[in-house]
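The values are calculated or read from the model by the stated rules, or taken from the named source; none is laboratory data. Just so we're clear, the structure is a prediction, and the values are computed from it rather than from any experiment. In this analysis, Cβ positions are derived from the backbone assuming ideal geometry, glycine residues included, and neighbour counts consider all displayed protein chains.
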Amino acid sequence: MEKRTIASISVTCGILWIFIFQYALITFTDLRQSLITAFHGAYAAVGPGIFAGTILVLSGVIFGAFIFQLLAKRFEVVFAAAVGLLYLFSLWYVLFDRTPGTRGINLDITQFGAQFASTPLDMMWNIAIFLPLGMVLQALIKSMWKTAIGAAVLALIVEGAQYIFSVGIFDILDIVLNVGGIMLGALIISSAMLDGWHFGMDRHFLTLTK
């Protein structure tokens, strides 16, 4: 596929993403509220209009660039590093950038069904934010059971840190969802590897070959 064609497809996908994401934010109030809650500091600082526009445009640009490099089957190391740092910062922001004062323990796994019925998007969000981490871990470790152990340890550390610093509840449901997100990402990469795809890296590119 020629670069001009790939670029056209990527720009189209980026623009479509902006409209689809905008529709989702308007339609699903839980999703919109989850983003506002997660990035409450930025929302309060710049206001709702600039906040929404920045989220939409930034996500559209990143998605378009991702599609371009995916179709080209190689990712710029600089782009991958920038997206990785943005992801890690966003993950930290969502998990720990809260006003201290909330602390508790919930070990009742039977609440899973009731919570899914009342706040399904919040639970899906807990899975989605850890999915990229699972993909990276599986690509590096190349072992599902080792990734599973790492996922469990990481989830326990996150929930324990939230409890220790009084920025959240040590919640068994969050642990299950976070581990589930990591393992779902790991499953995607593991399936690709079983299908014959290989991941490589040199000084400038991360490559995807079959």
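Quick grid of which residues meet (1) in the same structural domain as Thr209 (by TED's automatic domain parsing); (2) more than 20 Å from Leu121 (Cβ to Cβ); (3) in contact (Cβ under 8 Å) with a residue 24 or more places away in the chain:
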position	(1), (2), (3)
Arg4	no, yes, no
Trp17	no, no, yes
Leu35	no, no, no
Ala45	no, yes, no
Phe66	no, yes, no
Phe96	no, yes, yes
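Only one of Gly64, Gly60, Gly53, Gly41 is assigned to a helix (DSSP H, G or I), modelled with pLDDT under 85 and of a type in the set (Gly, Ala, Ser). Can you tell me which? Quick ask: steps written out before the conclusion?
Working: Gly64 fails: modelled with pLDDT under 85; Gly60 fails: modelled with pLDDT under 85; Gly53 fails: modelled with pLDDT under 85.
Selected residue: Gly41, the only one of Gly64, Gly60, Gly53, Gly41 that is assigned to a helix (DSSP H, G or I), modelled with pLDDT under 85 and of a type in the set (Gly, Ala, Ser).
Every residue in region 63-82 that is closer than 24 Å to Thr12 by Cβ, surrounded by fewer than 16 Cβ atoms within 10 Å (Cβ to Cβ) and within 17 Å of the chain's Cα centre (by Cα), please.
The one that is closer than 24 Å to Thr12 by Cβ, surrounded by fewer than 16 Cβ atoms within 10 Å (Cβ to Cβ) and within 17 Å of the chain's Cα centre (by Cα): Ala82.
Of Ala155, Ala151, Ala139, which residue is in contact (Cβ under 8 Å) with a residue 60 or more places away in the chain, hydrophobic (A, V, I, L, M, F, W, C) and out of contact with any Lys or Arg (no Cβ under 6 Å at 6 or more places or on another chain)? Give the derivation first.
Details: Ala155 fails: in contact (Cβ under 8 Å) with a residue 60 or more places away in the chain; Ala151 fails: in contact (Cβ under 8 Å) with a residue 60 or more places away in the chain.
Only one candidate passes the filter, namely Ala139.
Across region 184-200, what is the total count of residues that are more than 14 Å from Lys142 (Cβ to Cβ) and in contact with a Ser or Thr (Cβ under 7 Å, 6 or more places away or on another chain)?
0
Of the residues that sit in region 16-47 and are more than 20 Å from the chain's Cα centre (by Cα) and among the hydrophobic types (A, V, I, L, M, F, W, C), which one is surrounded by the most Cβ atoms within 10 Å (Cβ to Cβ)?
Let us first name the residues in region 16-47 that are more than 20 Å from the chain's Cα centre (by Cα), namely 26-27, 44-47.
With the extra rule that they be among the hydrophobic types (A, V, I, L, M, F, W, C), the set shrinks to 26, 44-46.
Details: Ile26: 11, Ala44: 11, Ala45: 10, Val46: 13.
Looking at residues that are more than 20 Å from the chain's Cα centre (by Cα) and among the hydrophobic types (A, V, I, L, M, F, W, C), I get Val46.
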